[in-house]
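**Student:** Sharing a structure, written as structure tokens. Questions coming.
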Amino acid sequence: MRPHGTPVNPAAGDVTSAVLAIGRPDFPNVLIDTLRRHADVGHCMVFALSRAGAATCLLDAGNIPTGGDLGAAYAGQFHETDPNRDALFEGEGAAPIMLPAFAPRMYGARYRKIFFHDSGIVDKCATAIWTGDTCFYVNFYRITTQGRFSAAQREQLQMIAPAIGASVARHFQSSPTPSPSLAELFATRAPLSNLTPREQEVCRRILLGLSSEAISQGLGISLHSTLTYRKRAYQRLGISSQNELFAIVLGLLAGPHGLN
């Protein structure tokens, strides 16, 4: 049995914490911590690209000392020669976009020198999502001392990319408001509020990445009872997995603005 409170899947809990940090000043720090725990991402940069052709660096967090300069250079002119640009603009719509795997040959010589050779970046993954007229372009980097992403790390990033992209878009939308706590969501927002108090307690702990054993210990109930409450909650919600539970929470956090 795992120690009390130990997450069975820390990454799942981390994603939830990033979503709940939407609208807060510490969102960048929570986001990079999420990405480091999940796939050992060294640095994250977020750009807003408009259909009119403008680019803005919204977030620069991590272990690249010249990240701010790179963000300014990309927003100033290099976004126009980004080989991913066509994929970004061809992918307009509500669905998240996963960009092609990184390959240095995709980039021009000057681009490679400034953004990869001089900065020490050796690998990147990227995702994007459109909300209205704005594309939120989220880039994940690793530097020389880290080496390239492993296949498993790429798979992990692909798995959480929709939630990360949607969280970034929500955070940087105009006049964002801090997200409510999980307790507030379960108390006030259907369909979560339709669960019984015990089913809500179990589901909140599932979202935080706790194992069934840890949930049982924390609530002082048997493992059988925990599994029964989880089964009943999932049936009420019409879902069958933690990922689907998380999707409900993310949808509620999007609020009336939605992620169009």
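**Student:** Short version: what are the Cα gyration tensor semi-axes of segment 138-219, square root of 5 times each eigenvalue, largest first, in whole Å?
**Tutor:** In descending order the semi-axes read 31, 21, 10 Å.
**Student:** A further question on this structure: Amide H to amide H, which residues 5 or more places from residue 122 or on other chains are under 5 Å from it, using H placed in the peptide plane?
**Tutor:** The list, which skips near neighbours in sequence, is 142, 143, 144.
**Student:** Any idea what angle helix 242-254 forms with the longest principal axis of the chain, computed on alpha-carbon atoms, 0 to 90 degrees, nearest 10?
**Tutor:** Here the helix axis deviates by roughly 70 degrees.
**Student:** As a footprinting exposure proxy, order 124, 231 by other Cβ within 10 Å, with the fewest listed first.
**Tutor:** Placing the least packed residue first, the sequence is 231, 124.
**Student:** Based only on the alpha carbon positions, what is the Kirkwood hydrodynamic radius of segment 22-172, in angstrom?
**Tutor:** One over the average 1/r among Cα pairs gives 15.3 Å for segment 22-172.
**Student:** While we're here: Cα-Cα pairs above 23 Å in the chain: how many percent?
**Tutor:** Percent of Cα pairs beyond 23 Å in the chain: 54.
**Student:** Now, a different point. Give me 224, 38, 117, 43 sorted ascending by neighbouring Cβ count inside 10 Å, so fewest comes first. Before the final figure, lay out the partial values.
**Tutor:** Working: 224 10, 38 21, 117 13, 43 25.
Starting with the residue having the fewest Cβ neighbours, the order is 224, 117, 38, 43.
**Student:** In degrees, nearest 10, range 0 to 90: what is the angle between the Cα axis of helix 67-76 and the longest Cα principal axis of the chain?
**Tutor:** Orientation of helix 67-76: about 70 degrees from the principal axis.
**Student:** A follow-up question, please. Translational diffusion coefficient, Stokes-Einstein: compute it for segment 182-257 using the Kirkwood radius over C-alpha pairs as Rh, at 25 °C and 0.890 mPa s, and state it as an integer in µm² s⁻¹.
**Tutor:** 197 µm²/s
**Student:** Can you give me the long-range amide H partners of residue 59? Hydrogens built in the peptide plane at 1.01 Å from N, cutoff under 5 Å, separation of 5 or more residues or another chain.
**Tutor:** 46
**Student:** Between 0 and 90 degrees, rounded to the nearest ten: what's the tilt of helix 10-20 against the longest Cα principal axis of the chain?
**Tutor:** The two axes meet at around 80 degrees.
**Student:** Please order 198, 148 by the number of other Cβ within 10 Å, starting at the fewest.
**Tutor:** 148, 198
**Student:** Oh, and also: Take every Cα pair under 8 Å in the chain that's 6+ residues apart, average their separations, divide by the length, and report that relative contact order as a whole percent.
**Tutor:** 26 percent
Read the figures in this text as sums done on the coordinates, not as results from a lab. In this text the structure is predicted, and so the values were computed from the model without any measurement. Note: ideal-geometry Cβ built from the backbone for every residue, glycine included; neighbour counts use all protein chains shown.
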